[in-house]
1. Quickly run through segment 149-164 and pick out the residues that are surrounded by fewer than 16 Cβ atoms within 10 Å (Cβ to Cβ) and either among the hydroxyl-bearing types (S, T, Y) or within 15 Å of the chain's Cα centre (by Cα) (or both).
2. Being without any contact (Cβ under 8 Å) to a residue 40 or more places away in the chain and closer than 24 Å to Y135 by Cα is the filter; apply it to segment 66-101 and report the residue that is nearest to the chain's Cα centre (by Cα).
3. Take segment 25-75 and flag every residue that is of a type in the set (S, T, N, Q), more than 18 Å from V3 (Cβ to Cβ) and outside any helix (DSSP H, G or I).
4. Looking only at segment 230-257, count every residue that is part of a helix (DSSP H, G or I), surrounded by fewer than 15 Cβ atoms within 10 Å (Cβ to Cβ) and among the charged types (D, E, K, R) and tell me the total.
5. Which residues, taken from segment 177-197, are basic (K, R) and either surrounded by 18 or more Cβ atoms within 10 Å (Cβ to Cβ) or part of a strand (DSSP E or B) (or both)?
6. Does E200 satisfy the condition of being assigned by TED's automatic domain parsing to the domain that holds S126, of a type in the set (D, E, K, R) and not in a strand (DSSP E or B)?
7. Suppose we filter segment 127-147 for residues that are touching a helix residue (DSSP H, G or I) at 6+ places or on another chain (Cβ under 9 Å) and free of Cβ contacts under 8 Å to residues at least 24 places away in the same chain; how many remain?
8. Yes or no: K167 surrounded by fewer than 17 Cβ atoms within 10 Å (Cβ to Cβ), among the basic types (K, R) and free of Cβ contacts under 8 Å to residues at least 12 places away in the same chain?
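The values are calculated or read from the model by the stated rules, or taken from the named source; none is laboratory data. What you see is a predicted model; the values in this text were computed from it and never measured. Note: ideal-geometry Cβ built from the backbone for every residue, glycine included; neighbour counts use all protein chains shown.
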Amino acid sequence: MKVSLNCLYIVSTPIGNLDDVTFRAINVLKNSDIILCEDTRRSLKLLNYFKIKKKLISYHKFNEKKQVPKIIEYIKQGKILSLISDAGTPMLSDPGRILINHCIENKIKIIPIPGVSSITTAMSISGFRDKFLFYGFLPKTENELKKVLSTLSQNSFTQIFFIPAIKINFYLKQFKEHYSGRKIFIAKELTKIHETFFRENVDDLKVFKDKVKGELTIILSEKNTDKPVLSKEKIVNKAKKYLKKYSLKDTVNLILESEKISKKEIYKLCLKVKNEKNC
């Protein structure tokens, strides 16, 4: 494969198993003059594995703006540059946006080298509908998290998040509060030795008693938009029981706590039971 000059390659790398790298990615990295790495120490494990020895430049969220002018100059000089992240596809919750926008402004060609992504990897085995929204890392504070989830949970699409394993119980509590009626899929350490998958109904979630380690990709299923089936017999039996002790208003409110149907429907049934009782 011929490698182009005066351009920036965006190269996807494995998220765990080094053998998941593509032939094209290896070829581009071998022919690069400079490889931009999020963490040079982590990138060296991949590069050494494939016997690739190139000049590495540290490029991460803390030095993006500072590094951009120098990188643009290298590209204009005709050098072949590749951008990789610690794992997966650059730009997806990883640095790169600032550099890419500067390349666009300078009319520098950007070439994507597709490959592994924890987003599509987890989604492919979730069993959920493939119309999905990817958010990335969720806020770390409770107030901010509540604001974000209260908005996102109104959307009916499947939703994908990244969360730190050490705070899993903190996030599970908020998922239960905002995503009732949905299912959850948790992918831990994707493609690695300790790869683990966890599936559960959100309403049945329990806290993890043991410490959870590793990187987590969380998927919440699509929202069930089907209207709940109204079990008239169940409502009527409850109404008969409660009306012996409580008023019509209190009876309706009591049933409403456990039945996920409209208050109007419950009121009609309870009123009918009350009228029959008084006949």
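1. Narrowing segment 149-164 to residues surrounded by fewer than 16 Cβ atoms within 10 Å (Cβ to Cβ): 150-151, 154-156, 164.
Residues satisfying the conditions are S150, T151, N155, S156, P164.
2. If we take residues in segment 66-101 being without any contact (Cβ under 8 Å) to a residue 40 or more places away in the chain and closer than 24 Å to Y135 by Cα, then R97 is nearest to the chain's Cα centre (by Cα).
3. First, the residues of segment 25-75 that are of a type in the set (S, T, N, Q): 27, 31-32, 40, 43, 48, 58, 63, 67.
Then keep just the ones that are more than 18 Å from V3 (Cβ to Cβ); that gives 40, 43, 48, 58, 63, 67.
Residues satisfying the conditions are S58, N63.
4. Number of matching residues: 7.
5. From segment 177-197, those basic (K, R) are 182-183, 188, 192; that's our starting set.
R182, K183, K188, listed by residue number.
6. no
7. Residues that pass the stated criteria total 1.
8. Details: surrounded by fewer than 17 Cβ atoms within 10 Å (Cβ to Cβ): yes; among the basic types (K, R): yes; free of Cβ contacts under 8 Å to residues at least 12 places away in the same chain: no.
Spelling it out, it is not the case that K167 is surrounded by fewer than 17 Cβ atoms within 10 Å (Cβ to Cβ), among the basic types (K, R) and free of Cβ contacts under 8 Å to residues at least 12 places away in the same chain.
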